[in-house]
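Trainee: Sharing a structure, written as structure tokens. Questions coming.
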Amino acid sequence: MSNESRRGIPYLLVLLLLLIAAGGGAAAGILGYIWITGGSGEASLSVEDALATLEASEDTMADAVGTAIVDVANTVIADAVAVALAEAVDSSVAAAMEAVAPASEPSEFNIVADESLASFTLEEDLRGVRTTVIGSTNEVGGSIMVDLANPANSTIGTILINARTLETDNSFRNRALRSQILKSARDEFEFIVFEPRALGNFSADSVAAGETINFDITGDLTVVGVTREATFSAEVTLDSETQISGSASVNLLYADFGLVIPDVPSVANVTDDVDLQIDFVARAG
């Protein structure tokens with residue numbers, strides 16, 4: 001990295017804008033700085049590639065941990081323990097276990113980005129007019145393991161949203177999101193990450209084609225490097241054996257994630273909370 005630029009932003013230009021802000025043109029300087037540092041909004045990689053990179057990293061770590069556990073187990077567990085455990089299972093218990101019907105096999109469904117949408121909604125006064133602000137992107141991805149016979153046994157993998165590609169109806173607001181609010185112009189904050197931990201409050205014990213089920217998804221939501229627990233309310237429809245669709249939403253206080261709305265001219269009274277929603281289509285395979 002040269003001494004004259006950082007991430008393609010010339011230091012002299014940034015310095016000039018700051019000097020303007022320090023003088024009589026503070027508002028112009030601040031607006032100019034936000035515009036320049038907001039970047040173009042182009043994703044550094046697709047959400048599918050980001051998920052693949054994340055999964056590869058997790059697999060490598062899991063293999064290392066698994067190998068260590070196996071080595072310890074082979075050292076500690078004696079043959080006598082294995083024999084004792086085998087003898088403890090008498091014939092009646094074995095027969096009962098064989099009589100139990102095998103568990104249903106979950107089916108994997110992957111979110112189709114082109115047919116899905118992640119969005120946020122809040123309100124603000126824009127030039128004195130109360131305005132509903134909606135930002136959205138279809139750069140959202142993840143996988144869902146669905147157990148149709150017993151939905152409570154379903155699991156959801158990591159969900160990624162590319163915050164850099166979020167767009168509203170205002171180009172300057174988009175720049176402010178990337179530069180000052182979500183800071184997604186920086187590679188380390190490009191993605192919003194949701195790690196589901198538990199599913200609960202199911203409205204039905206099973207689901208068939210054409211039916212809809214409601215439930216809660218609790219997990220860790222990470223925005224701008226800050227992680228907080230969040231519980232999404234979800235509604236999912238089994239469209240067919242090969243497709244599901246639905247939505248998941250949560251209301252959050254953005255200050256809990258350290259997010260600050262910059263003080264700029266013509267914008268006032270921004271709500272303290274924000275609605276985050278994912279509308280998705282996911283297909284098997």
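FYI, it's all coordinate maths here, none of it is from the lab. What you see is a predicted model, and the numbers here were worked out from it, not measured in a lab. In this analysis, Cβ positions are derived from the backbone assuming ideal geometry, glycine residues included, and neighbour counts consider all displayed protein chains.
Trainee: Going from the alpha-carbon gyration tensor of the stretch 174-285, what semi-axes, largest first and in whole Å, does one get by taking the root of 5 times each eigenvalue? Mind dumping the intermediate values first?
Mentor: On the way: eigenvalues 212, 44, 38 Å².
Equivalent ellipsoid of the stretch 174-285: 33, 15, 14 Å, largest first.
Trainee: Pulled fully out, how much extra length does the chain show between residue 251 and residue 211, if you take 0.36 nm times their separation in residues and subtract their Cα-Cα distance?
Mentor: Separation in residues times 0.36 nm, less the Cα-Cα distance, equals 11.8 nm.
Trainee: Relative contact order, percent, of the stretch 128-285 when contacts are C-alpha pairs under 8 Å separated by at least 6 residues?
Mentor: Dividing the mean separation by the residue count of the stretch 128-285 yields 17 percent.
Trainee: Then there's this: Name all residues of the stretch 160-203 having a backbone nitrogen under 15 Å from the label point set 7 Å from the Cα of residue 46 along its Cα→Cβ direction, giving them as ranges.
Mentor: 162
Trainee: Continuing with this model, one more query. Suppose we look only past 22 Å in the calculated P(r) of the stretch 96-206. What percent of the Cα-Cα pairs does that tail hold?
Mentor: So the pairs more than 22 Å apart make up 52 percent of the total in the stretch 96-206.
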